[in-house]
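Taken together, the values in this text are just the output of simple stated rules run on the coordinates, not laboratory data. Small disclaimer: the values here were computed from a predicted structure and weren't measured. Quick reminder, even Gly has a Cβ in these numbers, built from the backbone with ideal geometry, and neighbours come from all protein chains shown.
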């Protein structure tokens, strides 16, 4: 007799785009969910220190300053300019925005974000910033010269702006100086030591393909590896082939907040984006709205996440089984033991860092998702209960291409013993479980294993 059949390969495809992107989905902290645009240098340093001391060894490494870091002051109102372009933004003579020195005092003179980036790097971490697409409206009004050209900012504007922030005009990428402007902006970021760029108003409500390509081109020309993240969502699915080959991550929903309906809607969105997940290209379900949120807005009063314990575990399980970027939104320094535990389970985080063929196996209100372990013939299984009461969720091992196995609960670390035929767990309402199944040896384990037969169709989205 032969041994157990060998698992059929479900490799994650390589992408047609650049080869210097992140090998695993980015993991880190973004300032938006906790601080809105009012984040300060002290806030950023404190969260970097927390990452260094508590999370870096688990793979969390990015510290990203979100929107309007060039807008003066700190308050909870919207950071827009009035009809007279007031308040003025801090900007150099070539229309490149500079950090507000009232919130980022180390940025005085021409230092920019270099001192803050140096501090983050000294902690063994990486530094990122947010950009609105395009060129500042005040640069256009001031007719500022574009670095390295004989053109002015008013010649490259396309007259479009974001619905929620009026500080910039989009770019007419048919004008050669538009690319020159983007090149100059990204060159400046490179001199600051930026490792991650989140570009906003570019993936939705309109997918700005030419500008996406412009930012990609500028990053390549700058000669410094930078993650390119596109926002907001939902990025149109029809743009999947382009965004997969052009960006490193892109939003699949608009801003995600701490309520069950918004989280529940992501099951279908992430399923639909499965064909476009590739090595170095990650569909992004947004920052993780867990921990201390909205200290200065932007959504509701200051609070700890309204997601229940089980819903928070569901979010983290859904993110890792999809290899989604893990960008924490809560203020890290106010984490409690429960939040820290979600971020430091090495067995759970291994799924997002080292798995392939991530896919939905069964849909509906009792869902099964699966992925292949990269380091063995083991299989990861996530069981989800989207219903309002406790329910049993079951998967047939045959649907996983497994005869028999031993099971480990990754969240608890408990050995669940042997399973055969079916694997069933009782899952709380809005809850999830995450497991690693290790195929059991057959009666003649020393015999050459047969190639595992193709997995039967279950009506799930096809393998990537």
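Full extension of the chain between residue 392 and residue 306 yields a length gain of 28.4 nm, computed as 0.36 nm times the residue separation minus the alpha carbon distance.
Report the semi-axes of the equivalent ellipsoid for the stretch 358-439 in whole Å, largest first, where each axis is √(5λ) for an eigenvalue λ of the Cα gyration tensor. Let's see the in-between values first.
Values: eigenvalues 78, 36, 27 Å².
Equivalent ellipsoid of the stretch 358-439: 20, 13, 12 Å, largest first.
Extension gain, residue 42-residue 340: 0.36 nm per intervening residue step, less the Cα-Cα distance, totals 105.2 nm.
Along its first, second and third principal axes, ordered by size, the chain spans 79, 42, 38 Å in Cα coordinates.
Please list 77-83, 38-44 highest first by mean number of surrounding beta-carbon atoms within 10 Å per residue. Working shown, then result.
Numbers: 77-83: 13.1, 38-44: 20.0.
Ranking the peptides 77-83, 38-44 by packing returns 38-44, 77-83.
Classify the stretch 175-226 as rounded, prolate or oblate, taking a ≥ b ≥ c as the square roots of the eigenvalues of its Cα gyration tensor: rounded when a/c is under 1.5, otherwise prolate if a/b is larger than b/c and oblate if not. Because a/c hits 1.5 or more and a/b fails to exceed b/c, the stretch 175-226 counts as oblate.
For the pair residue 110 and residue 54, label points projected 7 Å from Cα toward Cβ lie 4.0 nm apart. Per-peptide packing, taken as the mean over residues of other Cβ atoms within 10 Å, places 289-296, 406-413 in the sequence 289-296, 406-413 from highest down.
Going by average Cβ density within 10 Å per residue, which order do the peptides 315-327, 257-269 take, highest to lowest?
Packing order, densest peptide first, comes out as 315-327, 257-269.
Think of it as helices only: each DSSP H run of n ≥ 4 in the chain is worth -39500 (n - 2.57), and spread over all residues that comes to -6500 deg cm²/dmol at 222 nm. With axes computed from alpha carbons, what is the tilt in degrees of helix 309-321 against the longest principal axis of the chain, rounded to the nearest 10 within 0 to 90? That works out to roughly 90 degrees. DSSP beta bridges fully contained in the chain are about 60 percent antiparallel.
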